[in-house]
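Trainee: The structure that follows is given in the form of structure tokens.
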Amino acid sequence: MIGIIITGHGNFATGLTSSVKLIAGLPEKYEAVDFVQEDSVEDLENKLNAAIDNLKDCESIMMFTDLVGGSPFKTSVEISMKREEKIIVLGGTNLGMIIETSMARGFMEDAEALADMAVNTGKDQVIKYAYVEKTEEIIDGDGI
């Protein structure tokens, strides 16, 4: 199975995890790592390495981060380059990505394909709502 680690600023990881549990139940092989104000980048690195160690029996690991270029993202990328495990790092994570990826990994073994699906799902989950007032349709007397 492909392991999942969620990380981000503040309580991003545990907040998303709370929503995932509510909607889909707590997934297997899943770790949430918060980067709170009291943490240094070294603390974050230690917590992420411990999360990876907890997923040591996974074929590969996907690390979902909040902001591309932020400390959780950069630290995840640095770790992925140092560790022997296959680790894929994704930035800009949203709830839809996590739920769909978590459910899909039960039948997808290709981590790269799963990561591509996650990115596409994440993009599809972002929209701008625009209210359009409904206009009254006029129907002539013949019903045409």
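Trainee: Suppose we filter Val132, Val68, Val89 for residues that are part of a loop (DSSP other than H, G, I, E, B), out of contact with any His (no Cβ under 8 Å at 6 or more places or on another chain) and within 21 Å of Thr14 (Cα to Cα); which single one remains?
Mentor: Details: Val132 fails: within 21 Å of Thr14 (Cα to Cα); Val89 fails: part of a loop (DSSP other than H, G, I, E, B).
Matching residue, one of Val132, Val68, Val89: Val68.
Trainee: Kindly check whether there is at least one residue in the stretch 123-134 that is buried (at least 17 other Cβ atoms within 10 Å of the Cβ) and within 26 Å of Gly25 (Cα to Cα).
Mentor: No.
Trainee: While we're looking at this one, here's another question. Report, ordered by the first and then the second residue, all pairs with beta carbons closer than 8 Å, sequence separation of six or more or different chains, a first member in the stretch 93-121 that is in a helix (DSSP H, G or I), and a second member that is aromatic (Phe, Trp, Tyr).
Mentor: Pairs found: Met97/Phe64; Ile98/Phe64; Thr101/Phe64; Ser102/Tyr30; Ala118/Phe64.
Trainee: Here's another thing I want to ask about it. Please determine, by comparing only the residues of the stretch 1-44 that are assigned to a loop (DSSP other than H, G, I, E, B) and in contact (Cβ under 8 Å) with a residue 24 or more places away in the chain, which one is surrounded by the fewest Cβ atoms within 10 Å (Cβ to Cβ). Before you say what the answer is, go through the steps one by one.
Mentor: At the first step, the residues of the stretch 1-44 found to be assigned to a loop (DSSP other than H, G, I, E, B) are 1, 11, 25-29, 36-40.
Then drop every residue that is not in contact (Cβ under 8 Å) with a residue 24 or more places away in the chain, which leaves 1, 11, 27-29, 36-37.
Values: Met1: 14, Asn11: 14, Pro27: 19, Glu28: 12, Lys29: 17, Val36: 12, Gln37: 6.
Checked the stretch 1-44; the qualifying residue surrounded by the fewest Cβ atoms within 10 Å (Cβ to Cβ) is Gln37.
Trainee: Of the numbered conditions (1) part of a strand (DSSP E or B); (2) surrounded by fewer than 21 Cβ atoms within 10 Å (Cβ to Cβ); (3) among the charged types (D, E, K, R), Glu78 fails exactly one; give the number of that condition.
Mentor: Looking at each condition in turn, Glu78 falls short on (1).
Trainee: Could you tell me which of the residues Thr93, Thr135 is of a type in the set (Val, Ile, Thr) and within 22 Å of Leu16 (Cα to Cα)?
Mentor: On the way: Thr135 fails: within 22 Å of Leu16 (Cα to Cα).
It is Thr93.
Trainee: Within the stretch 45-65, take every residue that is assigned to a helix (DSSP H, G or I) and of a type in the set (Asp, Glu) and give me the one that is surrounded by the fewest Cβ atoms within 10 Å (Cβ to Cβ).
Mentor: Residue satisfying both the conditions and the ranking: Asp53.
Trainee: Okay, moving on. Could you say whether any residue in the stretch 100-112 is under 17 Å from Pro27 (Cβ atoms), of a type in the set (D, E, K, R) and either buried (at least 17 other Cβ atoms within 10 Å of the Cβ) or in contact with a His (Cβ under 8 Å, 6 or more places away or on another chain) (or both)? First the steps, then the outcome.
Mentor: Going through the stretch 100-112, the residues under 17 Å from Pro27 (Cβ atoms) turn out to be 100-109, 111.
If we keep only those that are of a type in the set (D, E, K, R) too, we end up with 100, 105, 109.
From the residues that got through so far, the ones that are either buried (at least 17 other Cβ atoms within 10 Å of the Cβ) or in contact with a His (Cβ under 8 Å, 6 or more places away or on another chain) (or both) too are 100, 105.
Yes, the conditions are met somewhere in the stretch 100-112.
Trainee: Can you say whether Asp39 is of a type in the set (D, E, K, R), within 24 Å of Ser18 (Cα to Cα), touching a strand residue (DSSP E or B) at 6+ places or on another chain (Cβ under 9 Å) and modelled with pLDDT of 95 or more, as far as the supplied structure shows?
Mentor: Criteria not met by Asp39.
Trainee: Any residue at all in the stretch 42-56 that is at pLDDT below 95, farther than 13 Å from His9 by Cα and out of contact with any strand residue (DSSP E or B) (no Cβ under 7 Å at 6 or more places or on another chain)? Give the derivation first.
Mentor: Step one: filter the stretch 42-56 for residues at pLDDT below 95, giving 56.
Among the residues that remain, those that are also farther than 13 Å from His9 by Cα are: 56.
Keeping just the survivors that are out of contact with any strand residue (DSSP E or B) (no Cβ under 7 Å at 6 or more places or on another chain) gives 56.
Yes: the stretch 42-56 contains one or more residues that are at pLDDT below 95, farther than 13 Å from His9 by Cα and out of contact with any strand residue (DSSP E or B) (no Cβ under 7 Å at 6 or more places or on another chain).
Trainee: If the Cβ limit is 7 Å and pairs must be 6+ apart or interchain, which residue in the stretch 52-80 that is within 19 Å of Leu114 (Cβ to Cβ) pairs with which residue that is aromatic (Phe, Trp, Tyr)?
Mentor: Qualifying pairs under 7 Å: Thr65/Phe73.
The values are calculated or read from the model by the stated rules, or taken from the named source; none is laboratory data. In this text the structure is predicted, and so the values were computed from the model without any measurement. Heads up, the Cβs are rebuilt from the backbone with ideal geometry, glycines too, and the neighbour counts pull from every protein chain shown.
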